[in-house]
Amino acid sequence: MTTTATELHRIESLIPGIEFAKAIELFAAEAMLHNLTLEEITSTHYRVNSPVGMVEFLKADTEAKLVISAPSQEALHLVKESIEHLIGHIDVNIPPQMVWSGDFTAGVHPPNFLEVQVVRTAAFSSNFIRVTVAAKGIERFFEGGLHFRLLFSKNLGFEARWPYWDDKGRTVWPEGDYELMRPVYTVRQFDKSAQTIDFDVFLHEGGPTAEWAARVNEGDKVGLLGPGGGWIPEAEYLLLAGDETAIPAISRILESSPAGTKGAVIISVSKKGMEAPIPLPEIMSLEWIYQDTHGHDGLFEAAKQIEIPEVQEAFLWFAAEKKTAKKARKYFRNEVGFKADNCYIAGFWEEE
(Lines give C-alpha, C1' and ligand atoms only; values in the text may rest on other atoms or scores of the structure.)
Protein backbone atom coordinates (compact mmCIF):
# COMPACT_ATOMS: atom_id res chain seq x y z
CA MET A 1 0.00 0.00 0.00
CA THR A 2 1.27 3.48 -0.77
CA THR A 3 0.13 6.72 0.79
CA THR A 4 -0.86 10.16 -0.44
CA ALA A 5 -0.31 13.41 1.40
CA THR A 6 -3.99 14.48 1.42
CA GLU A 7 -5.10 11.77 3.88
CA LEU A 8 -2.27 11.86 6.39
CA HIS A 9 -0.73 13.22 9.56
CA ARG A 10 2.23 15.41 8.70
CA ILE A 11 5.44 16.84 10.21
CA GLU A 12 8.36 18.68 8.64
CA SER A 13 11.86 19.91 9.41
CA LEU A 14 14.92 21.27 7.67
CA ILE A 15 17.90 18.91 7.63
CA PRO A 16 20.48 21.21 9.21
CA GLY A 17 24.01 21.50 7.91
CA ILE A 18 23.74 19.46 4.72
CA GLU A 19 23.16 20.60 1.15
CA PHE A 20 20.18 19.37 -0.85
CA ALA A 21 22.19 17.39 -3.41
CA LYS A 22 24.14 15.57 -0.69
CA ALA A 23 20.92 14.75 1.18
CA ILE A 24 19.41 13.23 -1.97
CA GLU A 25 22.54 11.14 -2.57
CA LEU A 26 22.58 9.81 0.99
CA PHE A 27 18.88 9.03 1.20
CA ALA A 28 18.81 7.36 -2.22
CA ALA A 29 21.49 4.93 -1.02
CA GLU A 30 19.65 4.31 2.26
CA ALA A 31 16.33 3.74 0.46
CA MET A 32 17.96 1.07 -1.69
CA LEU A 33 19.20 -0.73 1.44
CA HIS A 34 15.59 -1.02 2.59
CA ASN A 35 14.24 -2.16 -0.79
CA LEU A 36 12.71 1.27 -1.45
CA THR A 37 13.18 3.80 -4.26
CA LEU A 38 13.83 7.53 -4.03
CA GLU A 39 11.64 8.92 -6.83
CA GLU A 40 12.47 12.19 -8.59
CA ILE A 41 9.32 14.30 -8.98
CA THR A 42 11.21 17.41 -10.12
CA SER A 43 14.81 18.54 -9.71
CA THR A 44 13.82 20.14 -6.38
CA HIS A 45 11.34 17.52 -5.15
CA TYR A 46 12.03 13.86 -4.36
CA ARG A 47 9.86 11.24 -2.65
CA VAL A 48 10.10 7.83 -0.99
CA ASN A 49 6.84 5.91 -0.60
CA SER A 50 6.63 2.99 1.81
CA PRO A 51 3.89 0.87 3.39
CA VAL A 52 4.03 2.96 6.59
CA GLY A 53 4.43 6.48 5.26
CA MET A 54 5.82 8.91 2.72
CA VAL A 55 8.99 10.99 2.96
CA GLU A 56 9.42 14.02 0.70
CA PHE A 57 12.56 16.08 0.15
CA LEU A 58 12.04 19.68 -0.98
CA LYS A 59 14.83 22.10 -1.82
CA ALA A 60 14.85 25.11 0.51
CA ASP A 61 17.60 27.49 -0.65
CA THR A 62 20.63 25.21 -0.50
CA GLU A 63 19.25 22.86 2.21
CA ALA A 64 16.70 20.07 2.16
CA LYS A 65 13.32 20.30 3.87
CA LEU A 66 11.99 16.94 5.00
CA VAL A 67 8.22 16.35 5.02
CA ILE A 68 6.87 13.10 6.51
CA SER A 69 3.27 12.00 5.96
CA ALA A 70 1.66 8.90 7.45
CA PRO A 71 -1.85 7.50 8.09
CA SER A 72 -1.46 7.47 11.90
CA GLN A 73 0.57 9.07 14.68
CA GLU A 74 2.23 5.70 15.28
CA ALA A 75 3.36 5.39 11.67
CA LEU A 76 4.43 9.04 11.57
CA HIS A 77 6.63 8.52 14.61
CA LEU A 78 8.13 5.32 13.22
CA VAL A 79 9.24 7.06 10.02
CA LYS A 80 10.52 10.11 11.92
CA GLU A 81 12.63 7.98 14.27
CA SER A 82 14.10 6.07 11.32
CA ILE A 83 15.05 9.32 9.60
CA GLU A 84 16.63 10.75 12.75
CA HIS A 85 18.57 7.53 13.34
CA LEU A 86 19.98 7.71 9.82
CA ILE A 87 20.92 11.39 10.08
CA GLY A 88 22.62 10.70 13.41
CA HIS A 89 24.95 8.25 11.65
CA ILE A 90 25.81 10.36 8.59
CA ASP A 91 29.52 11.16 8.57
CA VAL A 92 29.19 14.87 7.84
CA ASN A 93 29.05 17.94 10.07
CA ILE A 94 25.35 17.87 10.95
CA PRO A 95 24.04 19.18 14.27
CA PRO A 96 22.59 16.19 16.14
CA GLN A 97 18.98 17.36 16.44
CA MET A 98 16.23 18.47 14.09
CA VAL A 99 13.40 20.89 14.86
CA TRP A 100 10.02 19.52 13.83
CA SER A 101 6.68 21.25 13.33
CA GLY A 102 3.30 19.72 12.61
CA ASP A 103 1.09 17.02 14.11
CA PHE A 104 2.50 16.14 17.53
CA THR A 105 1.82 16.92 21.22
CA ALA A 106 4.68 17.85 23.53
CA GLY A 107 5.06 16.14 26.92
CA VAL A 108 3.46 12.80 26.02
CA HIS A 109 5.01 9.41 25.38
CA PRO A 110 5.67 8.62 21.71
CA PRO A 111 2.47 7.24 20.15
CA ASN A 112 4.06 3.87 19.42
CA PHE A 113 5.08 3.36 23.07
CA LEU A 114 3.30 0.88 25.33
CA GLU A 115 4.13 -0.12 28.91
CA VAL A 116 3.59 -3.86 29.42
CA GLN A 117 3.88 -6.36 32.26
CA VAL A 118 5.94 -9.54 32.22
CA VAL A 119 3.64 -12.56 32.60
CA ARG A 120 6.22 -15.37 32.46
CA THR A 121 9.54 -16.54 31.05
CA ALA A 122 10.41 -20.06 29.92
CA ALA A 123 13.49 -21.64 28.31
CA PHE A 124 12.51 -23.65 25.23
CA SER A 125 15.98 -24.61 23.99
CA SER A 126 19.57 -24.41 25.20
CA ASN A 127 19.99 -20.92 23.76
CA PHE A 128 16.56 -19.23 23.80
CA ILE A 129 14.24 -17.88 26.50
CA ARG A 130 10.62 -17.06 25.61
CA VAL A 131 9.20 -13.98 27.35
CA THR A 132 5.45 -13.32 27.55
CA VAL A 133 4.14 -9.80 28.21
CA ALA A 134 0.62 -8.42 28.52
CA ALA A 135 -1.13 -5.04 28.43
CA LYS A 136 -4.32 -3.36 27.39
CA GLY A 137 -3.75 -2.08 23.85
CA ILE A 138 -1.19 -4.74 22.96
CA GLU A 139 -3.37 -5.93 20.06
CA ARG A 140 -1.65 -3.52 17.69
CA PHE A 141 1.42 -5.79 17.92
CA PHE A 142 -0.61 -8.68 16.46
CA GLU A 143 -0.21 -7.19 12.96
CA GLY A 144 1.36 -4.29 11.13
CA GLY A 145 4.97 -5.40 11.56
CA LEU A 146 7.00 -8.35 12.77
CA HIS A 147 9.35 -6.38 14.98
CA PHE A 148 9.43 -3.96 17.91
CA ARG A 149 11.91 -2.33 20.29
CA LEU A 150 12.09 -3.65 23.85
CA LEU A 151 12.81 -0.96 26.47
CA PHE A 152 14.30 -1.74 29.88
CA SER A 153 16.73 -0.02 32.25
CA LYS A 154 20.40 -0.47 31.45
CA ASN A 155 20.94 -0.28 35.20
CA LEU A 156 18.65 -3.01 36.48
CA GLY A 157 18.68 -1.49 39.96
CA PHE A 158 16.75 1.58 38.80
CA GLU A 159 13.06 1.78 37.94
CA ALA A 160 12.57 2.59 34.27
CA ARG A 161 11.64 6.06 33.08
CA TRP A 162 10.05 6.24 29.64
CA PRO A 163 10.70 8.57 26.67
CA TYR A 164 8.53 11.57 25.82
CA TRP A 165 8.22 14.25 23.11
CA ASP A 166 9.58 17.75 23.69
CA ASP A 167 8.19 20.95 22.14
CA LYS A 168 10.37 20.53 19.04
CA GLY A 169 8.95 17.09 18.22
CA ARG A 170 12.08 15.31 19.41
CA THR A 171 12.01 12.17 21.53
CA VAL A 172 13.70 12.76 24.90
CA TRP A 173 15.36 9.62 26.25
CA PRO A 174 16.36 9.08 29.91
CA GLU A 175 20.07 9.48 30.59
CA GLY A 176 22.61 8.54 33.25
CA ASP A 177 21.41 5.92 35.74
CA TYR A 178 18.05 5.80 33.93
CA GLU A 179 19.41 5.10 30.44
CA LEU A 180 17.34 2.51 28.55
CA MET A 181 18.36 -0.46 26.45
CA ARG A 182 16.47 -0.56 23.13
CA PRO A 183 17.08 -3.86 21.31
CA VAL A 184 14.85 -5.00 18.42
CA TYR A 185 12.84 -8.23 18.79
CA THR A 186 10.27 -10.22 16.83
CA VAL A 187 6.67 -10.88 17.87
CA ARG A 188 6.93 -14.66 17.92
CA GLN A 189 3.35 -15.51 18.97
CA PHE A 190 0.30 -13.70 20.29
CA ASP A 191 -2.86 -14.60 22.21
CA LYS A 192 -5.85 -12.38 21.45
CA SER A 193 -7.96 -13.61 24.35
CA ALA A 194 -5.19 -13.17 26.94
CA GLN A 195 -3.90 -9.94 25.34
CA THR A 196 -0.30 -11.19 25.33
CA ILE A 197 2.62 -11.45 22.96
CA ASP A 198 5.67 -13.72 23.13
CA PHE A 199 9.19 -12.89 22.02
CA ASP A 200 12.30 -15.06 22.08
CA VAL A 201 15.63 -13.88 23.51
CA PHE A 202 18.80 -15.45 22.12
CA LEU A 203 21.17 -16.29 24.97
CA HIS A 204 24.78 -15.36 24.38
CA GLU A 205 27.64 -14.27 26.60
CA GLY A 206 27.68 -10.56 27.36
CA GLY A 207 24.24 -9.94 25.85
CA PRO A 208 22.42 -7.33 27.99
CA THR A 209 18.96 -8.61 26.99
CA ALA A 210 20.00 -12.18 27.79
CA GLU A 211 21.06 -10.98 31.26
CA TRP A 212 17.77 -9.11 31.65
CA ALA A 213 15.72 -12.15 30.58
CA ALA A 214 17.52 -14.35 33.12
CA ARG A 215 16.71 -11.92 35.96
CA VAL A 216 13.28 -10.52 35.08
CA ASN A 217 10.37 -11.45 37.33
CA GLU A 218 6.64 -11.90 36.79
CA GLY A 219 4.97 -8.52 37.19
CA ASP A 220 7.98 -6.44 36.14
CA LYS A 221 7.21 -3.53 33.80
CA VAL A 222 8.98 -2.99 30.47
CA GLY A 223 8.27 -0.83 27.45
CA LEU A 224 7.57 -1.65 23.81
CA LEU A 225 7.97 0.61 20.79
CA GLY A 226 6.29 -0.48 17.60
CA PRO A 227 5.30 -2.47 15.77
CA GLY A 228 7.40 -1.89 12.69
CA GLY A 229 9.59 -3.57 10.14
CA GLY A 230 8.73 -6.44 7.82
CA TRP A 231 5.71 -8.68 7.53
CA ILE A 232 4.82 -12.22 6.45
CA PRO A 233 5.93 -12.65 2.81
CA GLU A 234 3.46 -14.22 0.38
CA ALA A 235 4.81 -16.30 -2.51
CA GLU A 236 4.61 -19.76 -4.02
CA TYR A 237 8.26 -20.35 -3.07
CA LEU A 238 10.16 -18.96 -0.05
CA LEU A 239 13.92 -18.89 0.49
CA LEU A 240 14.44 -18.03 4.16
CA ALA A 241 18.02 -17.58 5.37
CA GLY A 242 19.28 -16.18 8.66
CA ASP A 243 21.53 -16.62 11.66
CA GLU A 244 20.49 -17.18 15.29
CA THR A 245 19.06 -13.67 15.60
CA ALA A 246 16.65 -14.43 12.73
CA ILE A 247 15.29 -17.72 14.09
CA PRO A 248 12.21 -16.15 15.76
CA ALA A 249 11.23 -14.28 12.58
CA ILE A 250 11.84 -17.30 10.35
CA SER A 251 9.73 -19.46 12.68
CA ARG A 252 6.89 -16.91 12.68
CA ILE A 253 6.96 -16.75 8.87
CA LEU A 254 6.89 -20.55 8.56
CA GLU A 255 3.95 -20.89 10.95
CA SER A 256 2.02 -18.12 9.18
CA SER A 257 2.60 -19.23 5.58
CA PRO A 258 -0.29 -20.95 3.75
CA ALA A 259 -0.29 -24.74 3.47
CA GLY A 260 1.43 -25.84 0.31
CA THR A 261 4.05 -23.10 0.29
CA LYS A 262 7.30 -24.51 -1.05
CA GLY A 263 10.82 -23.42 -0.30
CA ALA A 264 14.10 -23.78 1.54
CA VAL A 265 15.32 -22.66 4.96
CA ILE A 266 18.98 -22.09 5.81
CA ILE A 267 20.03 -21.19 9.36
CA SER A 268 23.53 -20.35 10.59
CA VAL A 269 24.46 -21.06 14.23
CA SER A 270 27.75 -20.88 16.10
CA LYS A 271 28.41 -24.63 16.22
CA LYS A 272 26.75 -28.04 16.24
CA GLY A 273 24.47 -28.52 19.21
CA MET A 274 23.19 -24.92 19.06
CA GLU A 275 20.25 -25.69 16.77
CA ALA A 276 16.78 -24.61 17.87
CA PRO A 277 13.33 -26.11 17.16
CA ILE A 278 12.03 -24.93 13.77
CA PRO A 279 8.34 -25.41 12.72
CA LEU A 280 9.29 -26.71 9.27
CA PRO A 281 6.55 -27.76 6.82
CA GLU A 282 7.11 -31.20 5.30
CA ILE A 283 7.51 -29.86 1.76
CA MET A 284 10.29 -27.41 2.73
CA SER A 285 13.98 -28.23 3.28
CA LEU A 286 16.18 -27.13 6.20
CA GLU A 287 19.96 -26.77 6.19
CA TRP A 288 22.11 -25.84 9.21
CA ILE A 289 25.37 -23.92 8.66
CA TYR A 290 28.00 -23.79 11.42
CA GLN A 291 29.94 -20.57 11.90
CA ASP A 292 32.92 -22.24 13.60
CA THR A 293 33.76 -23.89 10.27
CA HIS A 294 32.13 -21.60 7.65
CA GLY A 295 32.09 -18.15 9.31
CA HIS A 296 29.21 -15.69 9.00
CA ASP A 297 29.43 -15.68 5.19
CA GLY A 298 28.73 -19.42 5.09
CA LEU A 299 25.03 -18.53 5.26
CA PHE A 300 25.31 -16.38 2.13
CA GLU A 301 27.33 -19.01 0.26
CA ALA A 302 24.75 -21.70 1.11
CA ALA A 303 21.87 -19.46 -0.03
CA LYS A 304 23.62 -18.94 -3.39
CA GLN A 305 23.52 -22.68 -4.01
CA ILE A 306 19.72 -22.95 -3.76
CA GLU A 307 18.04 -23.47 -7.11
CA ILE A 308 15.04 -21.15 -7.15
CA PRO A 309 12.35 -22.37 -9.59
CA GLU A 310 10.98 -19.00 -10.71
CA VAL A 311 12.50 -15.86 -9.23
CA GLN A 312 9.44 -13.77 -10.16
CA GLU A 313 7.17 -16.15 -8.21
CA ALA A 314 9.53 -16.48 -5.22
CA PHE A 315 10.33 -14.40 -2.15
CA LEU A 316 13.80 -14.12 -0.61
CA TRP A 317 14.04 -13.34 3.11
CA PHE A 318 17.61 -12.93 4.39
CA ALA A 319 18.75 -11.54 7.75
CA ALA A 320 22.18 -11.81 9.34
CA GLU A 321 25.30 -9.80 10.23
CA LYS A 322 25.36 -6.45 8.42
CA LYS A 323 28.34 -7.12 6.11
CA THR A 324 26.97 -10.55 5.15
CA ALA A 325 23.57 -9.00 4.39
CA LYS A 326 25.23 -6.37 2.19
CA LYS A 327 26.88 -9.12 0.09
CA ALA A 328 23.57 -10.95 -0.17
CA ARG A 329 21.75 -7.80 -1.25
CA LYS A 330 24.25 -7.07 -4.02
CA TYR A 331 24.17 -10.64 -5.33
CA PHE A 332 20.45 -11.43 -5.15
CA ARG A 333 19.29 -8.01 -6.38
CA ASN A 334 21.89 -7.42 -9.10
CA GLU A 335 22.73 -10.92 -10.32
CA VAL A 336 19.74 -13.13 -9.52
CA GLY A 337 17.07 -10.57 -10.30
CA PHE A 338 15.06 -10.18 -7.09
CA LYS A 339 13.21 -6.87 -6.89
CA ALA A 340 12.15 -4.64 -4.02
CA ASP A 341 8.71 -6.25 -3.89
CA ASN A 342 9.89 -9.87 -3.60
CA CYS A 343 12.85 -9.73 -1.24
CA TYR A 344 13.72 -8.61 2.26
CA ILE A 345 17.43 -8.44 3.08
CA ALA A 346 18.50 -6.93 6.40
CA GLY A 347 21.50 -6.66 8.66
CA PHE A 348 20.16 -7.55 12.12
CA TRP A 349 23.46 -6.77 13.88
CA GLU A 350 26.99 -5.55 13.19
CA GLU A 351 30.23 -7.30 14.10
CA GLU A 352 32.66 -5.03 15.92
- Considering the alpha-carbon set of segment 110-228 alone, what are its Rg and its Dmax in angstrom? 14.0, 47
- Mind computing the radius of gyration and Dmax over the alpha-carbon atoms of segment 247-323? Å is fine for both. 12.7, 36
- Unit charges at the beta carbon, dipole of the chain: most positive-side option, I138, W212, F124: I138
- Task: Once you've got the GNM for the chain with C-alpha springs shorter than 10 Å, pick whichever of G169, G298, G207 has the biggest mean-square fluctuation.
- Result: G207
- Leaving ligands, DNA and RNA out of it, rank S43, S101 by accessible area with a 1.4 Å probe, largest first. S43, S101
- Note on the structure: Kirkwood radius from Cα pairs of segment 282-341 plugged into Stokes-Einstein at 10 °C, 1.306 mPa s, gives D in µm²/s equal to 126 µm²/s
- Message: Going through the cross-link list K59/K80; K262/K323; K22/K80; K221/K327, which pairs have a Cα-Cα distance over 30 Å in this structure?
- Response: K221/K327
- Message: Tell me the relative contact order for the chain as a rounded percent, counting alpha carbon contacts under 8 Å between residues six or more apart.
- Response: 14 percent
- Within segment 250-352, DSSP-loop trypsin sites (Lys or Arg not before Pro) with at most 12 other C-beta atoms within 10 Å are K271, K272, K339
- Would you mind computing, in nm to one decimal, how far apart the modelled labels at A214 and Y290 are, each placed 7 Å from Cα along Cα→Cβ? 2.5 nm
- Query: Of N334, P309, W349, which is farthest on the positive side of the dipole of segment 286-352, counting Cα position, with +1 on Lys and Arg Cβ, -1 on Asp and Glu Cβ, and the Cα centre as origin?
  - Reply: N334
- Note on the structure: Summing -39500 (n - 2.57) over every DSSP H run of at least 4 in the chain, dividing by its residue total and rounding to the nearest 500, the 222 nm mean residue ellipticity is -5500 deg cm²/dmol
- Item | Distant alpha-carbon pairs in segment 217-352 (separation over 20 angstrom), percent | 45 percent
- Message: Using a 7 Å offset from the Cα along the Cα-to-Cβ direction at both E313 and K192, what is the distance between the two label points in nm, to one decimal?
- Response: 3.2 nm
- Query: So what's segment 68-180 giving for Rg/Rh, alpha carbon basis, Kirkwood Rh from the mean inverse pair distance?
  - Reply: 1.00
- When every protein chain stays in place and a 1.4 Å probe is rolled, L114, L280, L316 sorted by accessible area with the largest first are L280, L114, L316
- One finds the C-alpha centres of segment 138-177 and segment 15-36 to be spaced, in Å, by 27 Å
- Fraction of antiparallel bridges per DSSP, segment 182-310 only, in percent to nearest 5: 20 percent
- Surface/4 estimate of mean projected area, convex hull on alpha-carbon atoms of the chain, nm²: 18.7 nm²
- Message: Mean-square fluctuation check for the chain, GNM, Cα pairs under 10 Å: which of A235, A259, A249 is largest?
- Response: A259
- Task: Could you check how many percent of all C-alpha pairs in segment 4-66 are farther apart than 15 Å?
- Result: 49 percent
- Query: Restricting the count to DSSP beta bridges whose residues both fall in the chain, what percent are antiparallel, rounded to a multiple of 5?
  - Reply: 70 percent
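The values are calculated or read from the model by the stated rules, or taken from the named source; none is laboratory data. Predicted, not measured: the structure shown is a model, and the values here were computed from it. Using ideal geometry, Cβ is built from the backbone for each residue, glycine included, and neighbour counts are taken over all protein chains shown. Accessible surface areas use protein heavy atoms only, side chains included; no ligands, DNA or RNA. Shrake-Rupley method; radii C 1.70, N 1.55, O 1.52, S 1.80 Å.
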